[in-house]
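In what follows, a structure is listed as structure tokens, so that the remarks can point back to it.
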Amino acid sequence: MIAATTPKVDWFALAPVLALLAASGLALLGAVLVPRRRAHGVGGVFAALGFAVAFVLSALLYVDSGEARNVVAEAIARDRFAALAQLIVCGAGLLAVGISWSERPRVEEHAGEYYALLAAAGAGMAFLVAANNLMVLFLALEWFSISLYVLSAIRADRVESLEAGLKYLIVGGFGSAALLFGSALVYGSTGELMFGRIAEATRAQGLESDPLLLAGLAMVITGLGFKASAAPFHMWTPDVYDGAPTPVTAFMSAATKTVALVLAMRVLVAAFPQLDEFWTLAIAAIACISLAWGNLAALVQRNVKRMLAYSSISHAGFMLIAIAANNELGGRALLYYLIPYSAMSLGAFAVLAARERELGRAVALDDLGGLGWERPLLGLSLWVFMLGFAGLPLTGGFWGKFLVFSAAVERGWTWLVIVGVVATAVSLYYYLSVVRALYMRSDLEVRLMPAGGSPPREGLLQAAVAACLAVTVGSFFAVQPLTDLAEAAAKQLPF
Amino acid sequence: MRGPDVTWYLAVAGTLFATGALGVLLRRSPLIVLLSIEIMLNGANLALIAFARAHGQEDGQIFALAVMAVAASEVVVGLGLIVAMARRRLDLDVDKLTALRG
């Protein structure tokens with residue numbers, strides 16, 4: 001008998017992922033064992049518990065990871081950078097469960113699967129941000145992507161939902177394949193899969209201008225661009241955001257963006273420090289295209305969900321500036337920005353989900369008329385989220401943009417700041433047109449939407465929106481403690 | 001016995017990947033598009049295995065095995081979606097999927 005030598009597994013580092021996986025499994029079991037009319041409640045409670053437990057575990061992991069180190073045969077990075085991103089993902093997941101709860105009559109048939117997939121996607125995301133190896137990166141990326149493909153199409157009774165699922169799958173699969181081929185080229189050039197060792201091999205063997213490595217890096221950036229929905233790899237975003245059930249869109253827009261950008265920063269900084277002249281320029285170019293395209297396309301949208309999809313593309317552009325800066329301030333800016341951005345994005349889509357249910361159709365800008373007066377909490381929140389997206393003070397969006405721009409200045413790229421400022425100015429137009437639709441219209445202009453009786457009671461949805469509002473405004477006032485957390489996390493990357 | 005140089009394997013892998021990419025961009029049946037994505041993944045697999053042999057390691061081969069599992073699950077989801085669309089008698093043509101636009 002030959003004793004197999006297995007790597008030592010640091011279970012604590014994997015705990016958030018395992019908690020979410022357990023929740024996913026329990027929700028799935030619940031779907032089978034519990035009578036159908038209870039399945040929704042059971043699934044929702046398990047998913048919420050999973051996200052809550054994973055949130056606490058990530059917080060403990062953050063506190064405990066003062067020293068960054070690689071665990072489980074160096075495949076997983078156990079550091080604060082990953083833990084902070086996991087906190088954002090788990091928070092987004094918890095709020096997404098709250099937003100989904102009111103979809104009850106619509107997802108009843110697949111309730112157990114819905115929550116199981118939500119928790120599974122969360123687990124994949126928590127795994128991805130800790131990836132320290134190209135294999136783990138690809139597997140985790142596909143893990144949460146496949147869950148999201150199904151979630152987008154979960155309302156199989158709607159053509160739009162199916163179409164969104166198929167489009168996401170095809171474009172997402174294309175992006176993953178590009179990422180995989182890029183990984184293969186990087187492996188071929190350096191002979192290594194671990195991020196840190198790729199950097200070492202590049203330095204030791206002088207591969208700085210190896211065409212194989214450069215082509216591989218370019219394809220890895222392309223693949224990550226697809227996942228982060230950065231232009232010109234964004235074409236799936238408006239359709240998928242529009243067609244997927246709105247609570248799923250809310251979760252995707254916040255969590256997918258978080259993990260894709262956090263991972264992009266980790267892999268570029270840790271694995272390709274010698275090629276930084278190439279990738280900082282590439283990322284800066286993608287950021288500019290995203291800012292331009294996202295903002296200009298958002299200007300002409302009448303459907304609010306599509307408008308927010310383009311707005312999310314432009315926000316990918318802002319956050320890519322932080323990555324392109326390639327300094328510690330950029331890491332701090334990215335991690336901080338993701339906190340209010342996730343809250344605003346989740347909250348805005350949650351308000352849209354509520355309005356959609358009231359009207360029974362997609363929400364156009366005109367359909368927001370009167371929402372500010374009819375449902376004061378939702379109206380006020382949407383107002384604040386829009387101001388936050390635009391980066392006005394009293395919301396965390398302001399400090400997010402401020403930090404991103406300071407990172408670009410520190411790098412010496414003032415031109416990137418100018419592009420960002422112009423993009424912000426353009427974005428004001430469409431963000432404020434939502435506020436105008438909410439409040440500033442004359443009686444003659446407003447066609448009140450008769451929704452049949454008083455609005456439905458959606459306690460959990462309102463609580464989730466209130467929480468998003470609290471985070472959006474709170475992150476403005478708590479900027480110091482939050483940037484301290486982000487700074488401690490960014491310090492652990494080898495800038 | 002020594003086989004051909006790793007460059008040849010890389011050339012075949014690149015051709016496979018490009019074939020798949022063209023298929024995704026040009027073909028209109030979602031089934032063929034799914035197939036093309038598989039060809040892209042398998043091109044990458046071939047490159048991984050060839051490089052693993054060239055470097056004399058197992059990492060790339062393990063990676064390729066894992067990719068096969070992933071590719072299978074992706075196809076399962078894709079076929080499931082296509083069956084759901086066929087049941088609703090939707091046209092199986094990606095150019096006619098235009099319920100979402102703007």
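The values are calculated or read from the model by the stated rules, or taken from the named source; none is laboratory data. Just so it is clear, the model here is predicted, and its values are computed rather than measured. Quick reminder, even Gly has a Cβ in these numbers, built from the backbone with ideal geometry, and neighbours come from all protein chains shown. Side chains are part of the model used for accessible areas, which takes the heavy atoms of the whole protein and leaves out ligands, DNA and RNA. Shrake-Rupley method; radii C 1.70, N 1.55, O 1.52, S 1.80 Å.
Screening A:Leu26 on (1) in contact with a Leu (Cβ under 9 Å, 6 or more places away or on another chain); (2) farther than 18 Å from A:Asp79 by Cβ; (3) open to solvent by less than 70 Å² (accessible area, probe 1.4 Å) shows it passes everything except condition (3). If you check A:Glu208 against the conditions, is it acidic (Asp, Glu) and touching a residue at least 12 places away in the same chain (Cβ under 8 Å)? Yes: the conditions hold for A:Glu208. Counting residues in the range A:174-188 that are in contact (Cβ under 8 Å) with a residue 24 or more places away in the chain and more than 17 Å from B:Leu46 (Cβ to Cβ) gives one or more. A:Ala73 satisfies every condition listed in (1) of a type in the set (Gly, Ala, Ser); (2) open to solvent by 10 Å² or more (accessible area, probe 1.4 Å); (3) assigned to a helix (DSSP H, G or I) except (3).
Going by the structure shown, is A:Gly196 at positive phi and modelled with pLDDT under 95?
no
Total residues in the range A:261-302 satisfying the condition of being among the small types (Gly, Ala, Ser) and within 22 Å of A:Ala390 (Cα to Cα): the figure is 8. Here the range A:137-166 is the region considered, the condition is being open to solvent by 20 Å² or more (accessible area, probe 1.4 Å) and facing chain B (nearest Cβ under 7 Å), and the residue that is farthest from A:Met125 (Cα to Cα) is A:Val159.
For the range B:52-70, a residue qualifies if it is open to solvent by less than 10 Å² (accessible area, probe 1.4 Å) and either under 17 Å from the mean Cα position of the chain (by Cα) or facing chain A (nearest Cβ under 7 Å) (or both), and the qualifying residues are B:Gly60, B:Phe63, B:Ala64, B:Val67.
Being facing chain A (nearest Cβ under 10 Å), part of a loop (DSSP other than H, G, I, E, B), farther than 21 Å from A:Met235 by Cα and at pLDDT below 95 is a description that does not apply to B:Leu100. Can you report the number of residues in the range A:44-79 which are charged (D, E, K, R) and at pLDDT 95 or above? Counting residues in the range A:44-79 that are charged (D, E, K, R) and at pLDDT 95 or above gives 0. Residues in the range A:359-417 that are of a type in the set (Asp, Glu) and free of Cβ contacts under 8 Å to residues at least 24 places away in the same chain: 0 in all. For the range A:314-335, the count of residues that are more than 15 Å from A:Ala490 (Cα to Cα), modelled with pLDDT of 95 or more and of a type in the set (Val, Ile, Thr) is at least one.
Confirm whether B:Ile82 is within 28 Å of A:Ala362 (Cβ to Cβ) and part of a helix (DSSP H, G or I).
Yes: the conditions hold for B:Ile82.
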